[in-house]
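**Student:** First, the structure itself, so that you have it in front of you.
The values are calculated or read from the model by the stated rules, or taken from the named source; none is laboratory data. Remember, it's a predicted structure, so these values are computed and weren't measured experimentally. Here the Cβ is made from the backbone with ideal geometry for all residues, glycine too, and neighbour counts use every protein chain on show.
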Amino acid sequence: MSHGSSPAAWTAVLVSLAGFLVGGIGLIPEPNWVVFTIGVVLAVGALPLGKVMSLAGFGSDRVKGH
């Protein structure tokens, strides 16, 4: 049982965290909307990235019966 610990899952999580970090930095001390938007694109783009990597064979195998 892998519990989703795969390169695809870890990559998606790390890219999402990087997006939140960049977006948060873009909001302090004065809002920099370009940096914030880059963070949002990174965070939202992490989901399709993880799915594509999973379909490419970097995901974990599903356990039958779950």
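**Student:** Could you grab me the full set of residues in the range 44-63 that are more than 8 Å from the chain's Cα centre (by Cα) and surrounded by 10 or more Cβ atoms within 10 Å (Cβ to Cβ)?
**Tutor:** First pass over the range 44-63, keeping only residues more than 8 Å from the chain's Cα centre (by Cα): 48, 51-63.
Pro48, Lys51, Val52, Met53, Ser54, Leu55, Ala56, Phe58, Gly59, Ser60 - these are the residues of the range 44-63 that are more than 8 Å from the chain's Cα centre (by Cα) and surrounded by 10 or more Cβ atoms within 10 Å (Cβ to Cβ).
**Student:** Can I ask one more? Which pairs have Cβ atoms under 7 Å, sit 6 or more apart or on different chains, and link a residue in the range 38-60 that is over 17 Å from Phe20 (Cβ atoms) to one that is of a type in the set (Ser, Thr, Tyr) and loosely packed, with under 13 Cβ neighbours inside 10 Å?
**Tutor:** Ser60/Ser2; Ser60/Ser5
**Student:** Still on this model: Would a scan of the range 36-43 turn up a residue that is surrounded by 13 or more Cβ atoms within 10 Å (Cβ to Cβ), of a type in the set (Ser, Thr, Tyr) and at pLDDT below 95?
**Tutor:** Among the residues of the range 36-43, not one is surrounded by 13 or more Cβ atoms within 10 Å (Cβ to Cβ), of a type in the set (Ser, Thr, Tyr) and at pLDDT below 95, which makes the answer no.
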